[in-house]
Structure formats: C-alpha cells, structure tokens
Amino acid sequence: MEASGRNSGAGADPSTSRRTDVFTRSKGLSGDVIFSLFEDRDGNVWVTTTGGLDRSRAPRRYFSVKQGLSSDATQSVLAATDGSVWIGTHDGLTRIC
C-alpha cells in the first residue's frame, strides 16, 4: 500500500505537527470501504475491505477469492494463538494457516 494525502500526497495535522497518510484503492489498498483493522502479535496490520483483505507489513499481502477467501467482501479478522488468521466475509468464514 502506498500512502498519500487527500490532495497532495501527504499532509500535516497543524494541531499536532504530525503527518497524516491516506490509504485508498488507487494507492494499492484492496478497497476504499474499510470494515475493520486488526494488529496481530507480529505487528502486522490487517485491513478488511469490500475488495479483500490486506496485510500491511512486509511482505505485504493481499487476499481475495483468488487466494481462497469465501468472498472479497471481508468484514472481520482475528489472529488465533496458533498463528492462523480467521476472516469473516459476506459468504462465510475463511481460515488462513
């Protein structure tokens, strides 16, 4: 995923002088509608969208029906203690081992 600001690539929040990044489909995210975010024990951030599931840390991964999800419309994600990842979709539940 490539981050960008709404208009110029990146912006600064004048109240905190901190940078803000915007992630969109046009910048590599699987979809523009985000349902949930989850950080696992390894520091991976998982993002569920209408277009699939994204993992933000290197190596970045994208999961969709082509990679075995029951639907591209993902709504929830949970990492289990055994390292597997459970993804709730519009068409059921998928586990990645």
What is the number of the single condition among (1) at pLDDT below 95; (2) touching a strand residue (DSSP E or B) at 6+ places or on another chain (Cβ under 7 Å); (3) of a type outside the set (D, E, K, R) that Pro59 does not meet? (2)
Would you confirm whether or not segment 43-52 contains a residue that is in contact with a Lys or Arg (Cβ under 8 Å, 6 or more places away or on another chain) and among the small types (Gly, Ala, Ser)? yes
Arg18 passes all but one of (1) over 13 Å from the mean Cα position of the chain (by Cα); (2) closer than 19 Å to Val77 by Cα; which number fails? (2)
Could you tell me whether Thr94 is on the phi < 0 side of the Ramachandran plot, surrounded by 14 or more Cβ atoms within 10 Å (Cβ to Cβ) and β-branched (Val, Ile, Thr)? yes
Qualifying positions in segment 11-45 - small (Gly, Ala, Ser) and either in a strand (DSSP E or B) or on the phi < 0 side of the Ramachandran plot (or both): Gly11, Ala12, Ser15, Ser26, Ser30, Gly31, Ser36
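The values are calculated or read from the model by the stated rules, or taken from the named source; none is laboratory data. These figures come from a predicted structure and were not determined experimentally. Here the Cβ is made from the backbone with ideal geometry for all residues, glycine too, and neighbour counts use every protein chain on show.
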